[in-house]
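Here is the structure we will look at.
The values are calculated or read from the model by the stated rules, or taken from the named source; none is laboratory data. Bear in mind the structure is a predicted one, so any value in this text is a computation, not a measurement. Every residue, glycine as well, gets a Cβ built from its backbone with ideal geometry; the counts of neighbours run over all protein chains shown.
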Amino acid sequence: MLEIKDIEKLADLARLEISQEEKENLRNEFDGILKYVGEIQKISGDPGKKEVGAVHNVMRDDAHPHLPGEFTEDLLANAPASQDGYIKVKKIL
Amino acid sequence: MKIDVTTLTIRKAHQALLKKEFSVKDLTDVYLANINAHDKEIHAFLEVFDDIEAQAHAAQKKFDDGTATLLTGIPFAMKDNMLIKGRRVGSASKILEGYVAPYNATVTNKLMDEGAVFIGRTNMDEFAMGSSTENSAYGPTKNPLDITRVPGGSSGGSAAAVAANFVLAAIGSDTGGSIRQPASFCGIVGFKPTYGAVSRYGLMAMGSSLDQIGPLTKTVDDAEIIFNAIKGNDPFDSTTIMDATYERKPLPKKVVIGVPRKFTEMEGVDPAVLKNFNESLKKLQESGCEIRDIEMPNIPYSLAVYYVVMPAEVSSNLARFDGVKYGLRESGEKLIDDYRLTRGKGFGREVRRRIILGTYVLSAGYHDAYYNKAIKVRGLVGNDFKKAFDSGIHVIATPTSPGPAFKIGEKTNDPLQMYLADVFTVTANIADIPAISIPSGFVTVGGKALPLGLQLQGPLGEEDILFEIGRKFEKMV
């Protein structure tokens, strides 16, 4: 079973602030969930490559750029704080 | 004038509008009256749009100038994870409070081009995580057939809206059964296309390798009409397929239906569901289909695969919600605290649970045992389906859900119990194949008739056969 510190490490990685109670609950819940999903360990075997329809990377053509500022207003309208065409946040460094 | 919307279909509505038996406004008025009378109780909608009259007016113009198509003037509900430019949208989450869509989803554009009328955005489990719509940050939706029960999830609002005659059709999304299971709980048709058949551009992503958009409707024909309108390759979604990607076989003269018998009879399946399932198979057999029991050795692991792959993709997709670009921003001491507090407060419990689970299965030391393994087993499940379809099986039948709609609050204490509700539906998302749930009858529980659904799954790209058999089956029920 996972330790509280394991849950805390995961919450830190996921940038989630959670309560002590929730950490304990998750610890218990994960016991059952991980046992259930861990059943996949029983399966061995290689599925091979998908013949048709395999997903592959597609890059957009480096052409037809949109005009600078075309979407700025629409996008900034949703930002919690903005200034002079920038999204405003606390200092990073 | 009285329009009976309970038996209305898209084609019937279209004919009536063409013949001017009623106007688009007459039609939307009936649905709005139903919403006003009953949605306070049902809570299918998070928002009923305030410009319906203007939309109806624009649709009516298309009838007046002869450019109307099948979907013109048809009242639609859109799940709250589909973007409509200029309108509020939020995946039923507090973290997106105030967010206004800056662009249209491709599906939105396609429906708009036809002149469909958007009645409102429907309630859902937060970020599509759930099987009951109880995980909405705005309260659950009730099942119109029994308001003490859930409508299913995560497209519960969309399913309830159609079942309660608030709209003629609804759009939902399906990552592990989120269209089909609520459709079966509410007694309507729910359809998930082949992965890549419908563009996901403008759908808030949950599990990018699993998500598909699809219709919830009263009839199979309506589902097919909507699918044909929304499908298509899209340069904005590079996982969309072309028409020719999958070879489509002609419809068979004698349909062979495969049943993974051991799987459908697993522990935990309600005996009433099995009884109804076997009755459905009998009806199909009497109509000329062959029923053939098949072995699918890896299919019982589909749910385990899903609950590794999906949370992994969720943890990645929801990383963008950080209080910086949009939505809620909670303030802490430093920037990193802004992230932690925003996400901790803005996301609900189930969302937090799945993000952390996904973080775990992707983390160093566990990545190989869980995520990489799940990808392999996913391939093996896909192979099981391919083997069955290559052996002369045309569609695979199971019940849609192991039980009818459960009571509100019944499964909220045990996440794993809730996850098991998806055991029959996740297979189609894992294998990328199309699947449909068709109402198959009722089971009486506590004096109320609760709907059940038959699920058919087809080969990649072969939605046709699902619609064909679906149309035949719905007449037999």
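Picking from residues in the range A:10-50 that are modelled with pLDDT of 95 or more and not in a helix (DSSP H, G or I), the one that is surrounded by the fewest Cβ atoms within 10 Å (Cβ to Cβ) is A:SER19. When residues in the range B:39-90 are screened for being assigned to a helix (DSSP H, G or I), within 12 Å of B:ILE119 (Cα to Cα) and either in contact with a strand residue (DSSP E or B) (Cβ under 9 Å, 6 or more places away or on another chain) or among the acidic types (Asp, Glu) (or both), 4 of them pass.
Just to verify a result, which residue in the range A:74-93, among those that are over 19 Å from B:GLU330 (Cα atoms) and within 9 Å of another protein chain (Cβ to nearest Cβ), is farthest from the chain's Cα centre (by Cα)? Restricting to residues being over 19 Å from B:GLU330 (Cα atoms) and within 9 Å of another protein chain (Cβ to nearest Cβ), the top hit is A:ASP74. Residue count for the range A:31-64, restricted to those that are under 30 Å from B:GLY348 (Cα atoms) and facing chain B (nearest Cβ under 7 Å): 6. What number of residues within the range B:235-261 satisfy the criterion of being surrounded by 13 or more Cβ atoms within 10 Å (Cβ to Cβ), farther than 27 Å from B:SER287 by Cβ and either of a type in the set (Lys, Arg) or out of contact with any Gly (no Cβ under 7 Å at 6 or more places or on another chain) (or both)? The number of residues fulfilling the criteria is 3.
Does at least one position in the range A:17-30 carry a residue that is charged (D, E, K, R) and farther than 26 Å from B:GLY332 by Cβ?
Narrowing the range A:17-30 to residues charged (D, E, K, R): A:17, A:21-24, A:27, A:29.
With the extra rule that they be farther than 26 Å from B:GLY332 by Cβ, the set shrinks to A:29.
Scanning the range A:17-30, I find at least one residue that is charged (D, E, K, R) and farther than 26 Å from B:GLY332 by Cβ, so the answer is yes.
Looking for something within 12 Å of the chain's Cα centre (by Cα) and closer than 30 Å to B:ILE3 by Cα - is there at least one such residue anywhere in the range B:124-133? So far as the range B:124-133 goes, yes, one or more of its residues are within 12 Å of the chain's Cα centre (by Cα) and closer than 30 Å to B:ILE3 by Cα. Taking every residue in the range B:86-109 that is aromatic (Phe, Trp, Tyr) and pairing it with any residue that is part of a loop (DSSP other than H, G, I, E, B), at least 6 positions away or on another chain, the pairs with Cβ-Cβ distances below 6 Å are B:TYR99/A:ASN78; B:TYR99/B:GLY90; B:TYR99/B:TYR326; B:TYR99/B:GLY327; B:TYR103/B:LYS85. Confirm whether B:ASP384 is touching a helix residue (DSSP H, G or I) at 6+ places or on another chain (Cβ under 9 Å) and facing chain A (nearest Cβ under 8 Å). No; evaluated as a whole, the condition is false for this residue.
Within the range B:348-371, residues that are more than 7 Å from chain A (Cβ to nearest Cβ) have Cβ atoms under 8 Å from residues that are charged (D, E, K, R) in these pairs: B:GLY348/B:LYS94; B:GLY348/B:GLU126; B:ARG349/A:GLU22; B:GLU350/B:ASP125; B:GLU350/B:GLU126; B:VAL351/B:GLU126; B:GLY358/B:GLU313, counting only partners at least 6 apart in sequence or on another chain.
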